[in-house]
Amino acid sequence: MMDTAPDPTARAAALLRDHRASIDRLDAILVYTLAERFKHTQAVGRLKAEHDLPPSDPAREAQQIERLERLAREADLDPEFARKFLNFVIAEVIRHHETFQS
């Protein structure tokens, strides 16, 4: 009688391949989502420059960080990681806004 159970190593390799394919798709989504976000923040930066508004808005930034931490908890993602990520993105946005001010 022949064993018809799949080889555990082959099954693990197939699962690994599937996980990696999902990761690759999600990475592409992240990149395109960030690109779209930056298009909007650059438009905001141009508006701020045209109307002599400051490049950063600390009240909104704090509100966004609080919102993202809440979303992270809901999504079972480390809120500290989410906060660090958003702080990184905000710093880049402010840097872009400052270039419009010059």
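Tabulated data
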read-out: Spatial separation of Cα centroids for segment 22-36 and segment 45-91, in angstrom; value: 19
read-out: Heavy-atom surface of the chain, accessible at 1.4 Å and reported per residue (Å²); value: 81
read-out: Relative packing of 14-21, 79-86, which averages over residues the other C-beta atoms within 10 Å, highest first; value: 79-86, 14-21
read-out: Percent accessible area from carbon and sulfur atoms, the chain, protein chains only, probe 1.4 Å; value: 60
read-out: With Cα atoms, 0 to 90° folded angle of helix 8-50 axis to the chain main axis; value: 10
read-out: Whole-Å semi-axes of the ellipsoid equivalent to segment 1-78 (Cα gyration tensor, √5λ, descending); value: 47, 17, 6
read-out: Relative contact order %, the chain, counting alpha carbon pairs below 8 Å whose residues are six or more apart; value: 31
read-out: Segment 35-102: C-alpha gyration tensor shape, a/c 1.5 cut-off, then a/b vs b/c; value: prolate
read-out: In degrees, nearest ten, helix 58-74 long axis to first principal axis of the chain (Cα); value: 20
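The values are calculated or read from the model by the stated rules, or taken from the named source; none is laboratory data. Predicted model only: the values in this text are computed from it and were never measured. So basically every Cβ, Gly included, is an ideal-geometry build from the backbone, and we count neighbours across all protein chains shown. Each accessible area value is taken on the protein alone, full model and side chains, heavy atoms only, with ligands, DNA and RNA left out. Shrake-Rupley method; radii C 1.70, N 1.55, O 1.52, S 1.80 Å.
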